[in-house]
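Participant: This structure is in structure tokens; I'll ask about it shortly.
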Amino acid sequence: MKRVLLKLSGEAFSDPEVKGGIDPKIVAQVAREIGELKAADGTEIGVVVGGGNIFRGNSPAAAGMDRSSADHMGMLATVMNALALQDAIEKVGVDTRVQTAVDMSALAEPYIRRRAVRHLEKGRVVIFAAGLGAPYFTTDTTAAQRALEIDADAILKGTQVDGVYDADPRTHPDATRYEELDFLSAINQRLGVMDATAISLCMDNDLPIVVFELLRSGNIMRVVRGEAVGTLVHAPDPTDD
């Protein structure tokens, strides 16, 4: 893959035992993986970050709040994660840019598609924050939108488990992992790959999604190199019966 969009949930930034906040060790590990990929293959990397480790607009913590206000708070949480990731990536010697969908010029660039693509072409990692800048849209949908806009080869969704299962493997030890999955099955079975809007965008534009275990050393590079890691979600092969 020449250009990819890495989707990181807010939970990916925190220690699972702590359940919240930003764990510098985990962020540093993700940054090292990104730096090693840049050094080895020169892959162009965009990143969309969530904010659920700090605040999520549709979470119980937002109960009773106006949804638009709560979602804007969630957008600000993604900016905090983006700045933490930017700092960690630059410490491993890779240039970065943070672009936000909500104007905050003292902290980051505004999102401009052509400028983002130019940064990628120059070898910089571009971190997209503040979602789409509008309430009611998740960072999954943001990842699909940004991936299409920058013409990424795939979305790589890093998670805490090693792919997509027919049940939560953390509570169902007999759950079965899918090696491949088509878009419609992911939507109809509600397997939690991404939200339905995001998957529909990917399906309509034939953009594959790879769901993989983020914190297993070397996994990002393995996925980019086409190794069988995690679960590939894509359009069915028209030659299949």
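Participant: For segment 122-241, which fully contained strands (runs of 3 or more DSSP E) count at least 1 residues that are of a type in the set (Gly, Ala, Ser), in contact with a strand residue (DSSP E or B) (Cβ under 7 Å, 6 or more places away or on another chain) and modelled with pLDDT of 95 or more?
Facilitator: The strands (runs of 3 or more DSSP E) meeting that bar are 125-129, 154-159.
Participant: Now, a different point. Look through segment 1-50, keep the residues that are in a loop (DSSP other than H, G, I, E, B) and of a type in the set (Lys, Arg), and return whichever of them is nearest to Ala152 (Cα to Cα).
Facilitator: Across segment 1-50, the extreme among qualifying residues is Lys2.
Participant: Then there's this: Quick check on segment 95-113. Is at least one of its residues touching a residue at least 24 places away in the same chain (Cβ under 8 Å), of a type in the set (Lys, Arg), outside any helix (DSSP H, G or I) and buried (at least 21 other Cβ atoms within 10 Å of the Cβ)?
Facilitator: no
Participant: Are any of the residues in segment 51-68 touching a Leu at 6+ places or on another chain (Cβ under 8 Å), touching a residue at least 40 places away in the same chain (Cβ under 8 Å) and not in a helix (DSSP H, G or I)?
Facilitator: yes
Participant: Now a separate question. Hey, among Ala116, Ala167, which residue is under 26 Å from Ser14 (Cβ atoms) and either of a type outside the set (Ser, Thr, Tyr) or in contact with a Lys or Arg (Cβ under 9 Å, 6 or more places away or on another chain) (or both)?
Facilitator: Values: Ala116 fails: under 26 Å from Ser14 (Cβ atoms).
Only one candidate qualifies: Ala167.
Participant: Among the residues of segment 70-86, is any of a type outside the set (Ser, Thr, Tyr), loosely packed, with under 14 Cβ neighbours inside 10 Å and more than 19 Å from the chain's Cα centre (by Cα)?
Facilitator: The answer is no; no qualifying residue exists.
Participant: Return the pairs, sorted by first residue and then second, in which the second residue is among the hydroxyl-bearing types (Ser, Thr, Tyr), the first residue lies in segment 153-168 and is in contact (Cβ under 8 Å) with a residue 60 or more places away in the chain, the beta carbons are less than 6 Å apart, and the residues are 6+ apart or on different chains.
Facilitator: Gly163/Thr231; Val164/Tyr178; Val164/Thr231
The values are calculated or read from the model by the stated rules, or taken from the named source; none is laboratory data. Predicted, not measured: the structure shown is a model, and the values here were computed from it. Reconstructed Cβ throughout: ideal geometry from the backbone, glycine too, with neighbour counts over all protein chains shown.
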